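Some notes on the structure that comes next.
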Amino acid sequence: MTSVALAVTDGMLHFELALACEVFGSAPDAVQVPWYDLALCGPKAVRVGPFRLEPDHGFDRLPHADTVIVPGWADVDREPPADLVDAVRAAHEAGARVASLCTGAFVLAAAGLLDGKRATTHWAHTRTLATHHPRVLVDPDVLYVDDGGVLTSAGKAAAMDLCLHLVRLDHGSSVANTVARNLVVPPHRDGGQAQFVSTPVPAPDHHPLAELFPWVIERLDRPLTVEDLARRARMSSRNLGRHFRSVTGTTPLQWLLTQRIRHAQELLETTDAGVDAIAAATGMGTGTTLRRHFNRTVGVPPDAYRRTFRARTRPGPAPADSTTAGTDTGTTTGSPAAGTMAAWQQRATATRPTRN
């Protein structure tokens with residue numbers, strides 16, 4: 001069982017803290033893998049937003065955790081407590097994976113964990129982070145950054161993206177998707193913070209691509225083109241590209257490739273299908289093409305990915321042929337028969353994590 005320690009002290013934001021507790025505190029009923037051992041760690045009873053919390057352990061527990069998470073720090077112009085900074089630094093030196101949510105990056109920066117590294121925080125405070133900590137390579141345009149043992153998220157809802165990314169790293173895409181569905185959020189979002197600075201995210205079923213997404217997901221085994229998508233959406237290719245950029249933060253082709261890779265991950269985790277069969281089921285054509293795109297996107301070859309995550313999920317039947325794959329494959333993201341439009345919207349916005 002992986003241990004997760006949430007570092008809490010006076011002056012932290014309750015939204016990010018509660019979000020992390022929701023993700024790591026208990027697994028959905030459908031998840032059949034050992035879940036996290038979550039501990040709240042702080043020096044004493046603390047005030048977090050309007051709530052009073054009694055930590056389970058002191059900061060001395062942090063160096064013994066596998067993962068340490070620092071929620072948002074409310075006053076970015078004030079130095080975080082020295083005992084918190086020292087404990088986070090000690091945890092990192094002991095080998096813990098350390099992640100910050102929203103403005104928790106200011107604590108990691110104060111501990112020196114972000115020196116010379118890419119990092120992010122809430123878009124409203126990226127300039128302040130860069131000014132206060134000039135050795136940090138602040139990236140204001142991403143939802144989160146994974147720099148190996150140190151991870152940082154952008155503001156508010158982006159903390160969920162990072163938490164699900166941690167679950168995906170530990171338990172695989174299938175489990176992370178199940179957790180996301182249980183929380184009624186997308187398994188992963190593409191694009192960066194810029195898309196949220198001045199315009200809201202469209203409601204899942206109130207944008208021009210709402211009907212297109214599930215139609216494409218049901219046909220991932222086919223050689224779809226941008227023209228095919230534009231024709232289905234009854235708009236020009238140029239308008240399609242504009243709407244894709246607005247809704248998903250990426251291009252139609254990149255989004256389509258991402259869906260194919262996600263489906264390949266699920267099939268690798270949950271079926272006995274060979275790489276060539278999965279390539280056909282995901283519209284990649286050949287095993288060589290799948291391996292090339294999978295390695296470039298995920299960072300490891302399909303076979304290595306399967307070895308890592310296969311033991312953590314229950315294998316299902318291989319796709320019978322390329323005409324039925326991509327609909328009901330026994331994966332955790334749902335199917336046209338079993339899922340709703342909202343479930344398909346979650347699948348439609350699932351994209352690969354930010355990589356360095």
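The values are calculated or read from the model by the stated rules, or taken from the named source; none is laboratory data. The structure displayed is predicted, hence computed values, not measured ones. Glycine gets a Cβ as well: all are built from the backbone with ideal geometry, and neighbour counts include every protein chain shown. Just so you know, the surface numbers come from the protein's heavy atoms only, side chains and all, with ligands and any DNA or RNA stripped out. Shrake-Rupley method; radii C 1.70, N 1.55, O 1.52, S 1.80 Å.
Some observations on this one:
- Peptides 281-291, 47-57, 173-183 ranked from most to least packed give 173-183, 281-291, 47-57, packing being the mean of other C-beta atoms within 10 angstrom over each peptide's residues.
- Ranked by how many other beta carbons lie within 10 Å on average, peptides 131-137, 98-104, 116-122 from highest: 98-104, 116-122, 131-137
- Gyration tensor verdict on region 211-294 (Cα atoms; rounded if a/c is under 1.5, prolate if a/b is larger than b/c, oblate otherwise): prolate
- For region 1-152, the solvent-accessible area with a 1.4 angstrom probe is 42 square angstrom per residue.
- Carbon-plus-sulfur accessible fraction, region 79-151 (probe radius 1.4 Å, protein heavy atoms only): 50%.
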